[in-house]
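Enquirer: My questions all concern the structure below.
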Amino acid sequence: MTAVQSLMKARLEMRISTLAAGLAAIAAENAELLAMQDRRYEGGAAFVDPAAILARLNANMRRKAQLEDELAAERQALLQASRRLDMIDVRTADCRREQEKKAQAGLIDEWIAGKLRSGSSLP
C-alpha cells in the first residue's frame, strides 16, 4: 500500500514539474514575442505581422490559464496523496509497535508459566 501511494506521489510530482516547465516555456515565448514586437518599432528589424504576434500571445494566455488550473489541481492532489501516505506510515508504525508489544507480552507469559511449572518462586 505504501509503495503504491509513493508511486502516485512521485507521478504527481513529475506532472507538477512538467506543468511548471510548460508555464516557463510560455513565459519565455511571450517575452520573445514582445521583444519581436518592440524590434518592429526600432526599425531595421524584419517585419512580423502584429496580428500574428497578438494571436499567438492570446493563445499563450489561454494555454497559460489552462496550465495554471491543472497545476492547482495537481498540487491539491499531491497534498492529498502526501497526507494519505503519512497516515499510512503512521498506522503501519502503530501496528508494528502493537505487534512487538504482543510478542513481548507472550514471551513474558511463557517465562512466568515456565517459572510456575518448575516450582520456583517469582523474584
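Enquirer: So which pairs qualify, if the first residue must be in the stretch 50-77 and within 18 Å of A27 (Cβ to Cβ), the second must be at pLDDT 95 or above, the Cβ gap must be under 6 Å, and the two must be at least 6 apart or on different chains?
Expert: Hits for this filter: N60/I26; N60/N30; K64/I26; L67/L19; L67/G22; L67/L23; E70/L19; L71/L19.
Enquirer: Just need a number here: residues in the stretch 11-44 that are surrounded by 12 or more Cβ atoms within 10 Å (Cβ to Cβ) and within 16 Å of E74 (Cβ to Cβ).
Expert: Of the residues in the stretch 11-44, 10 are surrounded by 12 or more Cβ atoms within 10 Å (Cβ to Cβ) and within 16 Å of E74 (Cβ to Cβ).
Enquirer: Going by what's in this entry, would D69 be described as modelled with pLDDT under 95, surrounded by 10 or more Cβ atoms within 10 Å (Cβ to Cβ), out of contact with any His (no Cβ under 9 Å at 6 or more places or on another chain) and acidic (D, E)? Explain how you work it out, then say what you get.
Expert: Details: modelled with pLDDT under 95: no; surrounded by 10 or more Cβ atoms within 10 Å (Cβ to Cβ): yes; out of contact with any His (no Cβ under 9 Å at 6 or more places or on another chain): yes; acidic (D, E): yes.
No: the conditions fail for D69.
Enquirer: Evaluate the stretch 46-60: report whether one residue or more is part of a helix (DSSP H, G or I), over 30 Å from K9 (Cβ atoms) and under 26 Å from the mean Cα position of the chain (by Cα).
Expert: If we filter the stretch 46-60 for residues that are part of a helix (DSSP H, G or I), which is where we start, we get 50-60.
Pick out the ones that are also over 30 Å from K9 (Cβ atoms) and you get 50-60.
Among the residues that remain, those that are also under 26 Å from the mean Cα position of the chain (by Cα) are: 60.
Yes, there is a match, as at least one residue in the stretch 46-60 is part of a helix (DSSP H, G or I), over 30 Å from K9 (Cβ atoms) and under 26 Å from the mean Cα position of the chain (by Cα).
Enquirer: Hey, Q76 hits all of (1) at pLDDT 95 or above; (2) surrounded by 15 or more Cβ atoms within 10 Å (Cβ to Cβ); (3) within 30 Å of A93 (Cβ to Cβ) but one; which does it fall short on?
Expert: Unmet condition: (2).
Enquirer: Give me the pairs, please: first residue somewhere in the stretch 5-18 and over 14 Å from E70 (Cα atoms) and touching a residue at least 60 places away in the same chain (Cβ under 8 Å), second residue anywhere and in a helix (DSSP H, G or I) and among the β-branched types (V, I, T), beta-carbon distance under 7 Å, and either six or more positions apart or on two chains.
Expert: Q5/I88
The values are calculated or read from the model by the stated rules, or taken from the named source; none is laboratory data. Remember, it's a predicted structure, so these values are computed and weren't measured experimentally. Quick reminder, even Gly has a Cβ in these numbers, built from the backbone with ideal geometry, and neighbours come from all protein chains shown.
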